[in-house]
1. Can you tell me which residue is modelled with the lowest pLDDT among those in the range B:94-107 that are more than 8 Å from chain A (Cβ to nearest Cβ) and closer than 17 Å to residue B:60 by Cα?
2. Considering only the range B:49-69, state which residues are buried (at least 19 other Cβ atoms within 10 Å of the Cβ) and in a loop (DSSP other than H, G, I, E, B).
3. One residue is enough: does the range B:118-130 have a residue meeting the conditions touching a residue at least 40 places away in the same chain (Cβ under 8 Å), at the interface with chain A (Cβ under 10 Å from one of its Cβ atoms) and assigned to a loop (DSSP other than H, G, I, E, B)?
4. Only one of (1) closer than 25 Å to residue B:102 by Cβ; (2) in a helix (DSSP H, G or I); (3) touching a strand residue (DSSP E or B) at 6+ places or on another chain (Cβ under 7 Å) fails for residue B:201. Which number is that?
5. Assuming residue A:167 fulfils every condition listed in (1) within 13 Å of another protein chain (Cβ to nearest Cβ); (2) closer than 30 Å to residue B:65 by Cβ; (3) in a helix (DSSP H, G or I) apart from one, which condition is it?
6. What's the total number of residues in the range A:133-187 that are exposed (fewer than 15 other Cβ atoms within 10 Å of the Cβ) and closer than 30 Å to residue A:90 by Cβ?
7. Report, by residue number, each residue of the range B:205-214 that is surrounded by fewer than 24 Cβ atoms within 10 Å (Cβ to Cβ) and either in a strand (DSSP E or B) or out of contact with any helix residue (DSSP H, G or I) (no Cβ under 7 Å at 6 or more places or on another chain) (or both).
8. Please go through the range B:246-268 and pick out each residue that is at pLDDT below 90 and surrounded by 14 or more Cβ atoms within 10 Å (Cβ to Cβ).
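The values are calculated or read from the model by the stated rules, or taken from the named source; none is laboratory data. Please read all numbers here as calculations on a predicted model, not as lab measurements. Neighbour counts run over all protein chains shown; Cβ positions are idealised from the backbone, glycine included.
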């Protein structure tokens with residue numbers, strides 16, 4: 001038998017980046033490449049619009065979208081609408097997440113409840129909640145409440161499934177260890193199960209964030225007095241594609257800001273996962 | 001010489017009494033009933049160091065689970081300090097698992113404290129610090145398990161097992177997954193600690209040399225469902241030195257003798 005020592009196994013497979021770069025140099029390089037990709041995309045789009053290769057009536061152009069966003073910021077319209085959408089999305093997200101984590105915990109810990117309800121919950125979850133949006137508006141009015149409830153019904157399922165899957169994977173040795181040292185059931189929950197599922201909860205929170213904004217915006221499409229969805233819908237009615245895209249870009253920026261905040265919270269809470 | 005197959009009888013009032021224990025459990029994955037222990041009778045005297053050797057998966061861990069109070073025997077009786085075992089007794093029994101069971105989100109210090117958060121009076125943190133320094137981990141109090149080597153993690157687990165100063169130690173292959181050098185170091189350290197504090201130890205291993213080196217008595221189990229096949233008295237004087245003992249011709253002779261016995265009974269498996 002021969003032993004082959006293959007030094008290339010040691011490399012991390014980053015063929016595109018020259019060897020010998022350290023981690024911070026790499027992240028700078030990749031960051032620059034990322035910005036370049038975005039700029040190239042915007043450049044091609046702008047060029048296509050200017051040269052009228054594609055009719056700008058249909059695709060608008062980056063500069064038109066930017067101008068529209070600046071208009072909205074300048075005359076103040078965007079603030080009212082953004083606050084409405086944010087309020088709907090965030091309140092729904094928080095309520096849905098809290099309920100989802102609690103329900104997920106119970107489902108994960110109590111087998112009879114899990115066996116009865118999980119299949120039913122999966123069934124209900126296959127129903128696109130967006131389809132129920134008109135009903136929610138009928139029930140809860142065209143104000144913010146109907147959108148909040150729509151968002152809650154979406155988020156709650158995401159959090160339930162994430163939480164209970166997390167609870168089911170808890171390392172049994174940790175549970176035994178806790179029992180061995182005389183921990184009570186609620187202490188086991190707080191000190192073993194909860195820390196264990198924090199990563200699962202964060203996956204749900206991040207996923208839920210995008211969904212909560214979508215839920216609020218779709219609710220506003222159907223009937224609302226304000227909000228970014230309302231703004232986008234009105235722009236579309238006026239065949240103002242720049243307006244539609246400007247509204248979307250603003251949504252994107254809001255989502256990114258929240259995503260960053262959640263990621264920072266995650267890093268702070270999960271520092272045990274990052275060997276220093 | 002040092003070896004004499006033991007039959008019955010010992011002095012009075014053993015600290016751990018396992019009598020006519022039989023155990024079945026349901027495998028959570030396959031749902032099948034497993035016959036883990038056919039019959040076990042073990043008496044451990046106060047201050048005695050007893051090792052249990054046998055092939056992997058032969059039910060050794062089940063025995064420790066029963067003594068610890070984590071599991072109840074299907075049949076038979078288990079008494080510790082004269083009382084029927086009816087649940088865990090953290091202040092009387094320390095139990096170290098084979099697997100790594102440090103909580104990854106707790107620092108080394110907080111992991112040791114985990115053992116004394118219930119029913120312990122006194123300054124928990126300084127007690128945990130003291131324990132970490134006894135196992136040689138000064139300066140690693142705030143390290144997370146992921147930042148420690150395997151050997152260091154087992155030291156933290158050992159500190160957690162010892163921190164409450166339990167009279168009885170149940171050790172389930174505590175050094176089984178370590179490399180040879182680290183293992184020897186840990187064995188020496190454990191020998192030193194257990195001899196000095198005169199603990200009563202029930203030590204499960206599949207490493208015969210380890211068992212002979214540490215113990216006053218070695219019980220040999222058969223494959224599953226396990227029963228006790230043989231028993232050996234080890235009379236090397238204490239305090240012992242693991243490294244010196246391994247080089248001692250008498251120890252080597254003993255090891256070979258026991259090994260031949262076991263192999264002829266075909267109970268050692270390949271573990």
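1. B:98
2. B:54, B:55, B:58, B:59, B:69
3. Yes, the range B:118-130 contains at least one residue that is touching a residue at least 40 places away in the same chain (Cβ under 8 Å), at the interface with chain A (Cβ under 10 Å from one of its Cβ atoms) and assigned to a loop (DSSP other than H, G, I, E, B).
4. Failed condition: (2).
5. (1)
6. Counting residues in the range A:133-187 that are exposed (fewer than 15 other Cβ atoms within 10 Å of the Cβ) and closer than 30 Å to residue A:90 by Cβ gives 8.
7. Those that are surrounded by fewer than 24 Cβ atoms within 10 Å (Cβ to Cβ) and either in a strand (DSSP E or B) or out of contact with any helix residue (DSSP H, G or I) (no Cβ under 7 Å at 6 or more places or on another chain) (or both): B:206, B:207.
8. Those that are at pLDDT below 90 and surrounded by 14 or more Cβ atoms within 10 Å (Cβ to Cβ): B:246, B:257, B:258, B:259, B:261, B:262, B:267, B:268.
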